[in-house]
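I have placed the structure first, in the form of structure tokens, so that the comments after it can refer back to it.
Read-outs: derived from the displayed coordinates by stated rules, not from any lab. This is a predicted model, so every value here is computed, not measured. No Cβ is skipped: glycine too gets one built from the backbone with ideal geometry, and neighbour counts run over all protein chains shown.
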Amino acid sequence: MQLIKLLDKVKKLENIQKKVNNDRNILLINIMKLTKGLNHYTYKALEIKSEISKLFSEYRFKNNIVDNENIFEKSKFFKKIIKSFYKQKELWIYVTEEQKYATDSYSRYEHKILETIKKKRADFLPIGKRAIEFCKENKLTIIKEYDLWKNNISFMKNISQIIKTFYIEKNYKNVNFVINSNKNYNNHFTILPINKFNVYELLSNKEIEIKNVSFKNTKIFPNINDYLENQIDLFLLNALHSLFIESSFYTAKVGLVTLNKVSNEIDENVAKIKKKVLSTKREIEIEEITMITRNNKLNLIDKNEVNNNEKE
């Protein structure tokens, strides 16, 4: 009876292991796709940022989306004075993913957000149920909210235009983006102004080369301003794609680590139970041998008694 129960346990655990391995393979395929997408969008964002920087250095014009520091703010002395009298206004985009594997990956970011905004005026655009709850619980100013994000061009364009419009209309100093990422652990990304966004942080290959572009002998159609606006829109789209993919990429990696742990635990349990199965089988064999030996002895005793009776 005990042997049947042990064998049944092994069978059930092996079935669970098949399901875990299947989920792990799906995650590995998803991680490969995410890695490819992350590298693509990050490289494009870096390439466009490089072109915009080159355009600025050659034509020397002003655009707050690219660089919003005035001549006084570029001085450390005046910067300190301005900060002491004026609270900077910022937009924070906080993205949370559904947590399937019983982990709390966001508390450290939330503590950091609350600590950082103490001396600032902050508006929030939360994306994800936890992000919305966090903003409401802490009575933060929400300008717009989304229950989840969608990996399609329509959603990215919508978010991109919202960020750009609010940045200009509300005169934000920075637009900060908070996601769960080990590439910027316990901190946030600043996506606007563009010159503050360190795209390299998202790249797995930090030594990637960007082609050098010059606009000095180039005719720009229809004009520089329209071209720049188009490049800014493209930069935001690619930067947002990169950040959202990094958010889901981290979640997928956490899932993979969790499934690996579960798989190892199942292997250990199966190994332990199989040892018990082997031990139980040996006990049964010993009992059977003991029973056979005992029966043989009884038979011999019976035969001897019969022979003795016949002699008498």
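Volume per residue, Å³, of the convex hull around the alpha-carbon atoms of the stretch 16-260? Can you show the working numbers first?
Numbers: hull volume 35.2 nm³, N = 245.
Per-residue hull volume (Cα only) is 144 Å³.
How charged is the neighbourhood of Asn21? Take every other residue with its Cβ under 13 Å from the Cβ of Asn21, and add Lys/Arg as +1 and Asp/Glu as -1.
Working: positive: Lys18, Lys19, Arg24; negative: Glu14, Asp23, Asp267.
Around Asn21, the charge tally is 0.
Would you mind checking the pairs Lys19/Lys136; Lys33/Lys183; Lys183/Lys272 and listing those with alpha carbons more than 30 angstrom apart? Let's see the in-between values first.
Numbers: Lys19/Lys136 38 Å; Lys33/Lys183 18 Å; Lys183/Lys272 39 Å.
Lys19/Lys136; Lys183/Lys272, as the Cα separations exceed 30 Å there.
For a paramagnetic label modelled on Ser107 (point 7 Å from Cα along Cα→Cβ), amide N atoms under 16 Å away are absent within the stretch 244-270. A Cβ-based charge dipole, computed about the Cα centre of the stretch 16-260 with Lys and Arg at +1 and Asp and Glu at -1, lands at about 520 debye. Computed over neighbours whose Cβ is under 15 Å from that of Glu145, the net charge equals +2, Lys and Arg +1, Asp and Glu -1. For Gln161 and Lys118, FRET efficiency with R0 = 30 Å and r from the beta-carbon atoms, rounded to 0.05? Taking R0 as 30 Å, the efficiency between Lys118 and Gln161 is 0.50. Considering only Asn176, Gln88, Asn225, and ranking their Cα positions along the charge dipole of the stretch 16-260 that arises from unit charges at the beta-carbon of Lys, Arg, Asp and Glu, the one farthest toward the positive end is Gln88. In this simple spin-label approximation, Glu265 and Asn230 carry label points 7 Å from Cα along the Cα→Cβ vector, and these lie 5.5 nm apart.
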